[in-house]
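Since the structure comes first, as structure tokens, the remarks are kept for the end.
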Amino acid sequence: MKRPIFFLLVALATISVITAIPLLPRDSVSFSSCEPQIPLLGVTIPGPIVSNKPITFNISGTAPSEISEGYIMGVAFVSTTGDILKKFGNDFCKLYKSCPVKENTAFNLQDEITAPNNLPGTYGVVVGILDLQKKPVMCAKNIFVG
């Protein structure tokens with residue numbers, strides 16, 4: 001008599017866990033290289049991007065050259081036609097307090113922004129560090145399909 005009850009409890013516990021799995025946060029999303037000649041910026045986000053909600057970008061890399069005051073840490077949401085839906089930019093040194101970052105020195109920072117309203121079904125996100133001439137020093141991108 002005890003075995004059927006034990007089996008029933010195990011079965012119910014298993015069903016409860018399986019049912020709860022969709023409610024768990026999704027794995028982080030990683031980004032890929034923008035262009036082969038531009039060093040890859042390590043970028044991850046903790047899960048899917050939701051319109052008009054904050055999203056934390058975890059950004060890391062090794063500086064290919066010195067990164068100093070005036071360099072911009074930028075994030076752009078781009079449509080499939082290339083139109084910029086929304087862009088954000090901050091002085092790198094305001095986000096990363098150990099500035100300047102010397103050449104071949106690793107860095108790691110976070111930047112939280114609010115996603116644009118009404119994101120389309122398919123869009124891209126580009127994250128980059130721009131130098132004083134607004135040329136990319138490091139870059140990463142990802143295409144999101146809704």
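None of the figures in this text is laboratory data; all of them are computed from the coordinates on show. It should be emphasised that the depicted structure is a prediction, and the values quoted were computed from it without experimental measurement. As a convention, Cβ positions derive from the backbone with ideal geometry for all residues, glycine included, and neighbour counts pool all protein chains shown.
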(message) What FRET efficiency comes out for Val145 versus Ala106 if R0 is 30 angstrom and r is the Cβ-Cβ distance? Round to the nearest 0.05.
(response) 0.40
(message) Tell me the net charge near Met138. Cut-off is 13 Å between Cβ atoms, Met138 excluded, with +1 for each Lys or Arg and -1 for each Asp or Glu.
(response) -2
(request) Starting from the Cα of Lys102, draw a straight line to each of the aspartates and glutamates and keep only those under 18 Å, dropping any in the same chain fewer than 8 residues away. (result) Glu66, Glu69, Asp91, Asp131
(request) Would you please state which residues of the range 49-64 a label at Lys86 would reach in this model, taking the label point 7 Å out along Cα→Cβ and a backbone N cut-off of under 16 Å? (result) 49-57
(request) Pop a pseudo-label 7 angstrom from the Cα along the beta-carbon direction at both Ser98 and Lys53 and give the gap in nm to one decimal. (result) 3.2 nm
